Amino acid sequence: MSSKAEKSREPVPYKALLDENHALKNEVESLKASLEEAEELRRAISEGDLDALVLPGPEGKMVFTLDSADYAYRVLVETMNEGTATLAFDGTILYCNRHFAELLRMPLPAIVGTSIYRFIVPDSINTFKAILGRERGKGEINLQAEGGKALPVYLSISLLQTRGFSNAWCLVISDLTEQKRNEEMLANIETARKKEIHHRIKNNLQVISSLLDLQAERFSDRGCIKDSEILEAFRVSQDRVISMALIHEELHEGGEVDALNFSPYLERLAENLLRTYRLGDSSISLNMELEEDIFFDMDTAVPLGLIVNELVSNSLKYAFPGMNKGEIRIKLFSQETGNELNKKEPDGKSSRYTLVVSDNGTGIPDSVDLENPDTLGLQLVSILVDQLDGEMELKRDNGTEFIIKLSTGEKLSNKL
């Protein structure tokens, strides 16, 4: 019977040794592959090439984001020409890039953790909240940089879902300062161009007025037509030209180039007519009640100015024969305010106005029919009122009173 020592020295079969050798070799290869994977993982982590490491967990796969996972994202965000920030639901700034801080002219640590509303100009807060109300909102607002300087920006907002916050927003802002500066420069150039156009038109109309005056002087030397209607026709035509020239002069000298502040224009026009038609020592006075800051565009201002020119001229020529005293009254007001001049409207705008031109003279003859006037001046007034889609009423109590009502929609605007 063999002992245990002898049994342990019994030779192992060759096949068993070969199988064991293969198993060890496979284990070595497996360990070597694992080592190479670990080395590659270490290199990726150290060099920032790894986005995330995925390992199995008890409830399936768990994703562990490493410090290097957002490396590429951070590089992209920090090198953007736009400012970007992440906001919590209440507006707290969770993160912002360097350009965002530069736009606000503040150090980045002083921004993160504060409220975005601290950096929004008060007038833009409602706009900002409206943009937030849309899932992907866009719009222009003004931020407030350090020192109180307003910064115009174009804002784009996207809704995010992040861990720890039920809702968050990603903000991207583009500085519009240069664009706004260029737009303002172009607007100034356009304004200057329009002012130059008005100036040239005014000069041309004044040249026409001077030519009419020179021609009238030539006819005045001829005794046969000295007191005829020819000279009166020259004078009336000259007045009409001057009324249009005054409009372009006001537009050239004023702050507006597309809309005329009509009340100051009416004052100049009426006073100019009064000087032109002043008769001997007669005392004809002007009484003007004009609502302030009524702006008419050219399509309304020119015909309305001609209407006033005709009616005031008629009063000066025909209302006070043989009278040493008289009064011409001009009123202009919005129909919403009535006679309560300069009363502020809730919406600051009106589209309906009333013009009243009256005198306390002898009165217009009953034979005059506004539907079929027999004088060129009243025919012109009737045509111009129709052109403005207006209504005209004539009253003959205690003199003459023309009441013209306009409802021209977008053609009229009140900038109170």
Phi-derived 3J(HN,Hα) across the stretch 366-376 with the Karplus relation (6.51, -1.76, 1.60, θ = phi - 60°), rounded Hz, x for Gly and Pro, is 5, 6, 6, 10, 5, 5, 9, x, 9, 10, 4
Subtracting the Cα-Cα distance of Glu190 and Ser283 from 0.36 nm times their residue separation yields 28.9 nm
Taking r as the C-beta separation of Glu393 and Asp299 and R0 as 30 Å, the FRET efficiency to the nearest 0.05 is 0.85
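Values in this text are rule-based calculations from the coordinates and carry no lab data. Since we're looking at a predicted model, the values are computed, not measured. Glycine gets a Cβ as well: all are built from the backbone with ideal geometry, and neighbour counts include every protein chain shown.
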